[in-house]
Amino acid sequence: MAAPKATVRFTANVEANLASIAAFWRDQEAPQAYALLLEDLAESVIGNLERHPRLGRRFLGRKPQSLEVRDRVASLQQRLGEMDVREYLVGDYLILYAVDGEVRAARRAAAVYLLAIRHHRQLSFDFDGFWHVGRPDPE
């Protein structure tokens, strides 16, 4: 008998991220890019995570390179308990999600919580704005 499908749930943060992505694509005059994201989520991502909740790479599996990060990771792991945080790359988007429940051992459905989603271009910087703010125009 096959394991039951996981339940995929959107957190309030992901809903806010999606609103931010929609605004980003409107500002870029490319609202069709947002429509494609929603289509990809509905037709591919959710189904993949329902069938394979641990599809993505373990987010906390990387070794922290600083004491501060190590402390924050330890704090996050303590708050999450048994949840497994993973990252899933879908095209130009990074999705962070948490899996709650052991699907194979208990033969029960896991819960997948979508925690965050970002487009890589949302992380860009306005270097021109940084350099010219508060400085006189060069002559």
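Values quoted throughout were computed directly from the atomic coordinates according to the rules given, and no laboratory measurement underlies them. Everything numeric here is computed off the predicted structure, so don't read it as measured data. Methodologically, a virtual Cβ is constructed for each residue, glycine included, from the backbone with ideal geometry; neighbour enumeration extends over all protein chains shown.
At an R0 of 35 angstrom, the distance between the Cβ atoms of Ala74 and Asn13 translates into a FRET efficiency of 0.95.
In a fully extended conformation the segment linking Leu55 and Ala22 would gain 9.3 nm over its present Cα-Cα distance, using 0.36 nm per residue.
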